[in-house]
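Novice: There's a structure below that I have some questions on.
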Amino acid sequence: MADSQAGAPKSDAPSISVLTQYIKDMSFENPNAPMSLAPQQQAPSIAVNVNVNARALSETDYEVELILVGQAGEAPNLLFQMELTYCGIFRLQNIPAEQSAPVVMIECPRLLFPFARQIVADAVRNGGFPPLYIDPIDFAGLFQERQQELAKQDLANKEPAGKA
């Protein structure tokens with residue numbers, strides 16, 4: 001007879017649960033329409049910035065914000081600009097405290113990214129442009145960069161006055 005619990009995770013196994021996902025803030029602007037929708041002589045420069053923020057809601061639950069800000073073209077010939085803050089509420093269970101920050105800042109945004117990417121692509125397409133598909137993001141690299149910046153700031157704050 002098959003054990004009905006065979007596929008279920010052990011109660012002490014580390015786990016991440018997505019409780020909900022939602023758009024917290026979204027903006028799409030096409031400031032030079034309808035001229036911006038005319039055929040362009042050359043492909044516009046496209047810039048996308050990524051940021052991740054998180055805050056604890058309880059001992060096990062975290063709100064993680066994935067912020068994507070981008071634009072095509074440059075002033076005064078800006079084609080479009082967009083901003084999306086896409087969030088998720090995650091529950092971490094049986095994850096050691098020293099490992100929770102990397103999980104929250106790397107794995108959680110990695111789970112949110114495909115949904116945020118599709119929202120951005122649809123918004124840009126609905127704005128009259130070809131969809132903007134954002135390349136995959138190295139959240140581990142972003143986390144490491146942020147940790148290095150914090151370490152540098154910590155070191156700078158600890159230096160005695162008068163030293164550069």
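Novice: Restricting to region 36-71, count the residues that are under 30 Å from residue 97 (Cβ atoms), of a type outside the set (Ser, Thr, Tyr) and more than 13 Å from the chain's Cα centre (by Cα).
Specialist: Residues flagged as under 30 Å from residue 97 (Cβ atoms), of a type outside the set (Ser, Thr, Tyr) and more than 13 Å from the chain's Cα centre (by Cα) within region 36-71 amount to 5.
Novice: Let me ask you something else. Give me the pairs, please: first residue somewhere in region 71-85 and farther than 15 Å from residue 127 by Cα and modelled with pLDDT of 95 or more, second residue anywhere and of a type in the set (D, E, K, R) and open to solvent by 10 Å² or more (accessible area, probe 1.4 Å), beta-carbon distance under 7 Å, and either six or more positions apart or on two chains.
Specialist: Short answer, once both residue conditions are applied: 85/24; 85/25; 85/65.
Novice: Does residue 31 qualify as being outside any strand (DSSP E or B), touching a strand residue (DSSP E or B) at 6+ places or on another chain (Cβ under 6 Å) and open to solvent by less than 80 Å² (accessible area, probe 1.4 Å)? Lay out the reasoning, then the answer.
Specialist: Values: outside any strand (DSSP E or B): yes; touching a strand residue (DSSP E or B) at 6+ places or on another chain (Cβ under 6 Å): no; open to solvent by less than 80 Å² (accessible area, probe 1.4 Å): yes.
Considered against the rule, which asks whether it is outside any strand (DSSP E or B), touching a strand residue (DSSP E or B) at 6+ places or on another chain (Cβ under 6 Å) and open to solvent by less than 80 Å² (accessible area, probe 1.4 Å), residue 31 comes out as no.
Novice: Can you list residue pairs whose Cβ atoms sit under 6 Å apart, with the first residue in region 28-54 being without any contact (Cβ under 8 Å) to a residue 24 or more places away in the chain and the second being of a type outside the set (Gly, Ala, Ser)? Count only pairs 6 or more apart in sequence or on different chains.
Specialist: 49/69; 51/67; 53/65
The values are calculated or read from the model by the stated rules, or taken from the named source; none is laboratory data. Remember, it's a predicted structure, so these values are computed and weren't measured experimentally. Cβ: placed from backbone, ideal geometry, glycine included. Neighbour counts: every protein chain shown. Just the protein is used for accessible areas: all its heavy atoms, side chains included, with ligands, DNA and RNA removed. Shrake-Rupley method; radii C 1.70, N 1.55, O 1.52, S 1.80 Å.
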